[in-house]
1. Under a crude label model (7 Å from the Cα following the beta-carbon direction), how far is residue 72 from residue 40 in nanometres?
2. Which part of segment 1-25 falls in the paramagnetic zone of residue 53, meaning amide N under 19 Å from the point 7 Å along Cα-to-beta-carbon?
3. Of 45, 63, how do they rank once you tally other Cβ atoms within 10 Å and put the fewest first?
4. Give me the distance in nm between label points sitting 7 Å out from Cα along the Cα-to-Cβ direction at residue 159 and residue 88, one decimal.
5. Just want the ordering: 154, 99, from fewest to most Cβ atoms lying within 10 Å of their own Cβ.
6. Multiply the residue gap between residue 142 and residue 122 by 0.36 nm, knock off their C-alpha separation, and tell me the result in nm, one decimal place.
7. Starting from the 7 Å offset along Cα-to-Cβ, what nm value, one decimal, do you get for the label separation of residue 152 and residue 10?
8. Given the C-alpha atoms of segment 11-100, compute the convex hull and give its volume per residue in Å³.
């Protein structure tokens, strides 16, 4: 049994711990950065918990977070400056998709990504932009993301692909 909900400031420590399990220190968001993001855009910070049979949260399994903006491309400055968030922005940027290593390849990130896509569509956004390493390209393509080639991002000293999922506007 799982539960998906938005982050609260009380979740910051658990989120920071999971971030360090999923990314090298050079790429991982810091505890203070995570706290600032939660304060600025809590409704763009989705958490998936594994729950006990009675429905109480047992463990943070996965999370996705990011800001919204009118800018079309994800810039490195967005990771560090939550003031760049524009609640009415057209594009949902995704900074990270984190899943505990012992829960990977079991459908949790897929379940959470589907929720993020659904919420983002419902909020009338033009689409979602993220960067990923080449090895994860296929995972995001399953949802309809299209690679736009190598990103300008140098975050963590890594080569990133920029991926975009565009929604049809009616």
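1. 2.3 nm
2. 1-3
3. 45, 63
4. My value for the distance between the label points is 4.1 nm.
5. Details: 154 10, 99 23.
Result, fewest neighbours first: 154, 99.
6. Values: separation 20, 0.36 × 20 = 7.20 nm, distance 2.01 nm.
Stretched fully, the residue 142-residue 122 segment lengthens by 5.2 nm.
7. Here the modelled spin labels are 4.1 nm apart.
8. Considering the Cα atoms of segment 11-100, their hull volume per residue is 94 Å³.
A short reminder: the numbers here are calculations on the coordinates, not readings from a lab. Keep in mind that what you see is a predicted model, and the values were worked out from it rather than measured. Backbone-built Cβ (ideal geometry, glycine too); neighbour counts: all protein chains shown.
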